[in-house]
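The values are calculated or read from the model by the stated rules, or taken from the named source; none is laboratory data. Keep in mind that this is a model prediction, so the values were computed, not measured. Glycine gets a Cβ as well: all are built from the backbone with ideal geometry, and neighbour counts include every protein chain shown.
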C-alpha cells in the first residue's frame, strides 16, 4: 500500500451457497461487526462467484437473502456498512474484464483453489471458475479497499489482487491509483474445523450432519452436535503446547476461546486436567448462549424478504456511487472513450 493516500476501506463477501455456520460466524461475520466501527466497510453477497458452479436459480435468491440476514442478525449495521449483492453493482463485472486483460495466465495457473474445486477433469470446469480470482480482485479494488479480512485459504487470491493492482499501476503509469490491499487474518476463530475431523475446515458441504453447527440450529441440535464431536481419550492439557497433535481437542478449545474471548491458555487454565465429559457440556452451553439469539434473529429477518431486499438495494446504491466512479477513472486511464 506504499504511497496510497486514499481512505481506509474494507471489502469482504460470502457466497450464497448454503446455510451460515459457526465457522462463518467466528471466522468472518463477527469480524465484520468489529471492523465496521474502524473502517469504511463494504460487505457483499458474492452471487456472481456462486454461479461459477451450477446453482438452482430459486435457491440462489433464497440463499442471497439468507446471507444478508446473517450479516444483520450478527450485528452488521446497514446504516454504517454497505450490505449488498455483488450482481447489483455492475462495476464489479466491468472492472473484472479489464483485469482479465491485466492478469496473466501463469498467475492463474498457480491458483491452488481452482485445482481443488475443478477436480480431476478441469476441462469440464467453467471459465468463470478459472477466472474467479480476477473477479475477486475486481471486487476488492473497485472500492480501492485497503484491507480484506481473509482466511488462510484465501491469502493466495489476495496476493493475486495485489499483483493485478501493482501491474495496472505500473503498466498505465498510474502510480498508487490502486492500493495494494492488506490481509486481516489475526484474531481468535480465524479457522474453525469440522466437529468430525479436526484436520478439515468446518463446511456446509460436509457429509456428516454432525460436523457443522449452523446458525439456525436450535439449542438441542447444537448441544447434540457438540456432545457428539470427535475427541480423543486423553483429558485436556494444562497448557496450549499439550494440544499439539490433538486437532479435535485444539478445535474445541479454540471454539470455546473464540466465543468466550479467552485465549487457549486461559481456557486450559480453567479446564486443564478434566475430561471431555466436563468440557463438552460447558462448551455446548456457551455455544447456545452466544449463537441461539443470532439464529432467532436470523429466522425473524428471513420471514421479511421485503425488508432484506430494501437493505440490499440501499447497499448496492451506496456501493455503486464509489464503484462507478472508480470504473470511470479506470476507463479513462486505459484509453476508453468515456
Quiz item: Looking only at residues in the stretch 160-177 that are part of a loop (DSSP other than H, G, I, E, B) and closer than 14 Å to residue 145 by Cα, which one is modelled with the lowest pLDDT?
Solution: 176
Self-check item: Residue ID - modelled with the lowest pLDDT, chosen from residues in the stretch 120-140 that are loosely packed, with under 12 Cβ neighbours inside 10 Å and under 16 Å from residue 109 (Cβ atoms)
Solution: 123
Self-check item: Candidates 68, 73, 58, 93, filtered to the one that is assigned by TED's automatic domain parsing to the domain that holds residue 37, without any contact (Cβ under 8 Å) to a residue 24 or more places away in the chain and assigned to a helix (DSSP H, G or I)
Solution: 58
Practice problem: Name the one entry in 199, 238, 205 that is in a loop (DSSP other than H, G, I, E, B), out of contact with any strand residue (DSSP E or B) (no Cβ under 6 Å at 6 or more places or on another chain), touching a residue at least 24 places away in the same chain (Cβ under 8 Å) and closer than 17 Å to residue 24 by Cβ. | Solution: 205
Exercise. Scan the stretch 1-17 residue by residue and report those that are more than 16 Å from residue 158 (Cβ to Cβ), buried (at least 18 other Cβ atoms within 10 Å of the Cβ) and either at pLDDT 90 or above or not assigned by TED's automatic domain parsing to the domain that holds residue 92 (or both).
Key: 15, 16
Quiz item: Of these, 314, 306, 229, 319, which one is at pLDDT 95 or above, in a helix (DSSP H, G or I) and either farther than 21 Å from residue 29 by Cα or not assigned by TED's automatic domain parsing to the domain that holds residue 137 (or both)?
Solution: 306
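This table checks each residue for (1) more than 18 Å from the chain's Cα centre (by Cα); (2) farther than 21 Å from residue 302 by Cα.
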site	(1), (2)
68	no, no
84	no, no
91	yes, yes
103	yes, yes
133	no, yes
143	no, yes
Practice problem: Output the number of residues of the stretch 246-301 satisfying the condition of being within 16 Å of residue 195 (Cα to Cα) and assigned to a loop (DSSP other than H, G, I, E, B). | Solution: 1
